[in-house]
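Encoded as structure tokens, the structure appears first; notes follow it.
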Amino acid sequence: MGNNPQLNANGELQHLLTIEGLPREIVLHILDTAHSFLSVGEREIKKVPLLRGKAIFNLFFEASTRTRTTFEIAAKRLSADVINLNVGTSSQSKGETLLDTVANLSAMHADMFVVRHSQSGAAHLIARHVAPYIHVINAGDGRHAHPTQGLLDMFTIRHYKKEFSSLRVAIVGDVLHSRVARSQIHALTTLGVPEVRVVGPRTLLPSNVSELGVQVFNDMARGLKDVDVVIMLRLQNERMNGALLPSAQEFFKYYGLTPEKLANAKPDAIVMHPGPMNRGIEIESSVADGRQSVILPQVTFGIAVRMAVMAILAGNA
Amino acid sequence: MGNNPQLNANGELQHLLTIEGLPREIVLHILDTAHSFLSVGEREIKKVPLLRGKAIFNLFFEASTRTRTTFEIAAKRLSADVINLNVGTSSQSKGETLLDTVANLSAMHADMFVVRHSQSGAAHLIARHVAPYIHVINAGDGRHAHPTQGLLDMFTIRHYKKEFSSLRVAIVGDVLHSRVARSQIHALTTLGVPEVRVVGPRTLLPSNVSELGVQVFNDMARGLKDVDVVIMLRLQNERMNGALLPSAQEFFKYYGLTPEKLANAKPDAIVMHPGPMNRGIEIESSVADGRQSVILPQVTFGIAVRMAVMAILAGNA
Amino acid sequence: MGNNPQLNANGELQHLLTIEGLPREIVLHILDTAHSFLSVGEREIKKVPLLRGKAIFNLFFEASTRTRTTFEIAAKRLSADVINLNVGTSSQSKGETLLDTVANLSAMHADMFVVRHSQSGAAHLIARHVAPYIHVINAGDGRHAHPTQGLLDMFTIRHYKKEFSSLRVAIVGDVLHSRVARSQIHALTTLGVPEVRVVGPRTLLPSNVSELGVQVFNDMARGLKDVDVVIMLRLQNERMNGALLPSAQEFFKYYGLTPEKLANAKPDAIVMHPGPMNRGIEIESSVADGRQSVILPQVTFGIAVRMAVMAILAGNA
């Protein structure tokens, strides 16, 4: 498996755990494959037989109906059998260890695990212990990574902006707690975006964020100045009235995306959000539903990207 | 989409939201189509490929295992892919609006939403906002409507009584809080049943119920006199000891269906109940399990009716 | 149906409720059929069309993600449609009786019920009331029986030990509360194992256990002496600090399987556990993961055994 735990001996994708360290050609291969799947969702019969007879386990140690649903749809469009496990409420509560749970499911001849876990590194840990014929997809681990979200965001940007080499992209909001932001930054850097900015209050930006090769802005007008892409992050409910943030209203006043603030960006800038949105907190409805918003296309592209990841992994068995 | 939000420009069924205002020929077309599906449930291989590759979302904002199961079975018999979402426990609790949730699921290329919601009008609201290729089926909204239940009840009545034009039908119990009763009354009226009665205590009948074209009875013996069909309603647990009703025992004494009370109806009258039954409260076990009961056939017919609705909607894309 | 509620008039398997009283040739037929299914899990396309169009209901009145998952995978590998019902949280809480719930699901043209219930005898009760074309599989009822676990354990023993007629088998731990132990004892006896031992503290062994034809040991070293198979039972969390057991530490000291205790068994003895394991309580990790452990193969074999049971039942319609 070499140094990169995501690649097999041939340098092909064995697991999708993080975008950090993923070779550029693999990222592009996923985006290209996703492009070829995009039309499946628009067909009369939205199915291809690529994963027929494969068993895909949605292993959600942390509840997330939306993300679980996108993986379930993607797997069913590939004709796989899907088993949904909300593990938080079962074996884990019976005192079994994470690795024993996974070892048991592996022994049922699983082909793929889609793993969501509140602890950073959970998907890596699982990937290190599964049999060589099993593939692991990280569907979000703690504050660490959410690579399929990062990839669908890249797909969206490429769809609207064609190429990455001349873009200015701003990621706005609670970068500190966001695995989505981390995956986006790695993806944008890998794809050669020359200027990636993070915008937010000092309390919600990681202290070492500039080490990731991004520019840091605390002022929204300056942060959005002349950007091509605005990516708003979700503000977790539990942050809204905590020590890091005076209030949701205060956040909206300074960092909520309004038409006025968006006017600082390029006129053809696109607006993205990973969802679910807090309207009136991160983003004003007129922007969320406005002509520059590509928030719903992100969802559509997300299915195609997840199909692509699954199909590529299954092909690298 | 003309005045009737359920019909498309050609006057065909686009959504099934309520039986109120549904043209008689569409109701009959559903019943006839259901008849043709009835045999599928008795085959060795209980499947037809009509909806292969379609994605049907069971969107249950209010939990109902039984109703969800009937739709899931109906969809799987049509070879559709089914995605179950208990939305009450997910995105909604994350602060996302109902319409954002639905917009997101639509962007995943859903073909049909089966919607259950505690608020009257929820399915209509969703139907007004989905893309034109998406169909919405109301699986119960607040106290408003439960059209597939009404339709399966009509299927049951036609199965046993052959025609509607000479029937006397009594609906007994908590009409006030019952979306089922409302859908039944509209269906019976639409199909030309000349005499529809509601029977119950004053506190559990809507004050304006006679405006729906029904006769009102507070006395069970008179209400059941010479009827062809007795439809018992479920008494919600939360009503049983509330302000509207002294006690479950009191209710059973006056309105619970016993052999003695049923003797007022015609000798070949059929007894129906939408389930789940409270034995000993709405209905005595000897009647529920007796020769006049068609309560279990209602369930069987319910699958065929839901298959019919889904197949018709998919055909009107 | 004769005296044995599990057999049809031809003496074939109609339901699988318990191993007690099951004819030896039927047990062997299940094991042989399972053997033929073992390779399906290793194929590129892990599916056979034997149960296509059949509707299998997982009726779990008691939550168990692991057991439910094994049945779901087995059914999907046979191409059946699977409906998962966590009944604890639905109709039952609406006041409907167990038999009404089952009658309703039967009316939806179910083919098979997989039933898990906290009350002993629940699966038998259901089997007595379903229509003749419906098959019931007991997936664990109270402290009574868990026949598919017992069968997969026999499959495992036969896989490693080839024949039953000369074996010495020890079942260790909380036999008193274990439906698994009861099913294992009946299976071992039926298959002609000459020496079956139960090992545990007096408080966790049934007072009449010797009537089942087993030898009773309270000392672990003596109980494991020269055995071919060691079956560890799971210690329920709720027993650990109760009246029957001083503490988990105390239990581990006397009955937890360590390399030292295991050294009393034959050098080629196999170690089994139904899972989920409490490492450091019933079993030391070095043994659980050691060369004599066949705990994970048990899981793999469990899928094949459940496929076999379903396929045999469906063939005896």
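The values are calculated or read from the model by the stated rules, or taken from the named source; none is laboratory data. The model shown is predicted, which means the values in this text are computed figures rather than measured ones. Reconstructed Cβ throughout: ideal geometry from the backbone, glycine too, with neighbour counts over all protein chains shown.
Points worth noting:
- Looking across the stretch C:252-276, the residues that are among the hydrophobic types (A, V, I, L, M, F, W, C) and within 15 Å of C:ILE171 (Cα to Cα) come down to C:LEU257, C:LEU262, C:ALA265, C:ALA269, C:ILE270, C:VAL271, C:MET272.
- Here C:LEU176 fulfils each of the conditions (1) at pLDDT below 95; (2) crowded, with 19+ Cβ neighbours inside 10 Å; (3) over 18 Å from C:LEU233 (Cβ atoms) apart from (3).
- Some residue of the stretch A:281-291 being touching a residue at least 60 places away in the same chain (Cβ under 8 Å) and within 14 Å of chain B (Cβ to nearest Cβ): yes
- Filter result for A:LEU59 (over 24 Å from A:VAL102 (Cβ atoms), within 14 Å of chain C (Cβ to nearest Cβ) and hydrophobic (A, V, I, L, M, F, W, C)): no
- Matching option when the condition is more than 23 Å from the chain's Cα centre (by Cα) and hydrophobic (A, V, I, L, M, F, W, C), among B:ALA269, B:ALA263: B:ALA263
- Only residues that are part of a loop (DSSP other than H, G, I, E, B) and at pLDDT 90 or above were counted across the stretch A:28-43, and they come to 0.
- If you check C:ALA221, C:ALA243 for being among the hydrophobic types (A, V, I, L, M, F, W, C), modelled with pLDDT of 95 or more and surrounded by fewer than 15 Cβ atoms within 10 Å (Cβ to Cβ), only one passes: C:ALA221.
- Residue that is surrounded by the most Cβ atoms within 10 Å (Cβ to Cβ) [pool: residues in the stretch A:1-27 that are in contact with a Leu (Cβ under 8 Å, 6 or more places away or on another chain) and part of a helix (DSSP H, G or I)]: A:VAL27
- Among the conditions (1) hydroxyl-bearing (Ser, Thr, Tyr); (2) farther than 17 Å from A:THR156 by Cα; (3) within 14 Å of chain B (Cβ to nearest Cβ); (4) in contact (Cβ under 8 Å) with a residue 24 or more places away in the chain, the only one that A:TYR254 does not satisfy is (3).
- The listed residue being under 28 Å from A:ARG68 (Cβ atoms) and either in contact (Cβ under 8 Å) with a residue 24 or more places away in the chain or surrounded by fewer than 21 Cβ atoms within 10 Å (Cβ to Cβ) (or both), out of A:THR189, A:THR148, A:THR203: A:THR148
- Flag if B:GLY53 is at positive phi, small (Gly, Ala, Ser) and within 7 Å of another protein chain (Cβ to nearest Cβ): yes
- Among the candidates A:THR70, A:THR101, residue that is buried (at least 18 other Cβ atoms within 10 Å of the Cβ), at the interface with another protein chain (Cβ under 9 Å from one of its Cβ atoms) and under 18 Å from the mean Cα position of the chain (by Cα): A:THR70
- Tally of residues being assigned by TED's automatic domain parsing to the domain that holds A:PHE60, over 12 Å from the mean Cα position of the chain (by Cα) and among the aliphatic types (A, V, I, L, M) across the stretch A:121-169: 9
- Within the stretch B:272-302, the residues that satisfy the criterion of being in contact with a strand residue (DSSP E or B) (Cβ under 9 Å, 6 or more places away or on another chain) and farther than 21 Å from C:ALA131 by Cβ are B:PRO274, B:GLU282, B:ILE283, B:GLU284, B:VAL287.
- One residue from C:LYS76, C:LYS46 being at pLDDT below 95, at the interface with chain A (Cβ under 10 Å from one of its Cβ atoms), buried (at least 19 other Cβ atoms within 10 Å of the Cβ) and touching a strand residue (DSSP E or B) at 6+ places or on another chain (Cβ under 9 Å): C:LYS46
- In the condition set (1) assigned by TED's automatic domain parsing to the domain that holds B:ALA63; (2) not in a strand (DSSP E or B), B:PHE113 is compliant with all but (2).
- Test result for C:VAL299, closer than 17 Å to C:THR65 by Cα and either more than 14 Å from chain A (Cβ to nearest Cβ) or at pLDDT 95 or above (or both): yes
- Filter pass, B:GLY142 being surrounded by fewer than 19 Cβ atoms within 10 Å (Cβ to Cβ), small (Gly, Ala, Ser) and in contact (Cβ under 8 Å) with a residue 24 or more places away in the chain: yes
- Flag for C:MET277 being in contact (Cβ under 8 Å) with a residue 60 or more places away in the chain and either under 29 Å from C:LEU31 (Cα atoms) or of a type in the set (A, V, I, L, M, F, W, C) (or both): no
- Restricting the stretch A:79-96 to residues that are part of a loop (DSSP other than H, G, I, E, B) and within 7 Å of another protein chain (Cβ to nearest Cβ), the residue that is modelled with the lowest pLDDT is A:SER90.
- Of all the listed residues (C:SER39, C:SER64), the sole one being within 14 Å of chain A (Cβ to nearest Cβ), touching a residue at least 40 places away in the same chain (Cβ under 8 Å) and of a type in the set (Ser, Thr, Tyr) is C:SER64.
- All positions within the stretch C:226-251 that are of a type outside the set (Asp, Glu) and within 26 Å of C:PHE155 (Cβ to Cβ): C:VAL227, C:VAL229, C:VAL230, C:ILE231, C:MET232, C:LEU233, C:ARG234, C:LEU235, C:GLN236
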